[in-house]
Amino acid sequence: MSGRAKMVNGILNDKALEAARMALDGLSLRQEVVGRNIANVDTPGYTAQKVNFEDALNRFLRTGSKIQMETTTDAHQAVADRFNNIRVQSQRGGTRRADGNNVDIDAELGDMTQTVLRYQTLTSLSSSKLSLLKEIASRR
């Protein structure tokens, strides 16, 4: 492998960029799950779902081991396969209405807003880093 090819390979395998990709995958899945919760706000018996990828992402940052998480139901398998099996869980606790639904629309809308802001920030930071790396590589 040539020196330039090694440099490009090193840039593309950067731990920070890999962590950003994992975080973007997790945030994307979270947004999908929150959207599903909101869509089912009036569905009797529906149990809200949540996505937790932060613990595994922190473990990756400490140890460098890839995120290997799992789903809790077969219904989430197709979605989760796209996202390295990030864990989708039923939300426990909270207030259930008489119809058995536990979606808190205010909390879900807050989660959606927070997820969008985090995704946009991380996308912007990743783009800036890639632009900087591209500029550095082009000067060689």
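Laboratory data are not the source of any read-out in this text; all were calculated from the coordinates shown. No experiment lies behind these values; they were computed from the predicted model shown. Because the Cβ atoms are built from the backbone with ideal geometry, glycine has one as well, and the counts that use them run over all protein chains shown.
Details
- Near-label residues of region 121-140 by backbone N, under 16 Å of a point 7 Å along Cα→Cβ of residue 14: 122-140
- Chain lengthening between residue 128 and residue 62 when straightened (0.36 nm per residue, less Cα-Cα): 21.4 nm
- Within the shell of other residues whose beta carbon sits under 13 angstrom from the beta carbon of residue 93, the net charge comes to +2, with Lys and Arg scored +1 and Asp and Glu -1.
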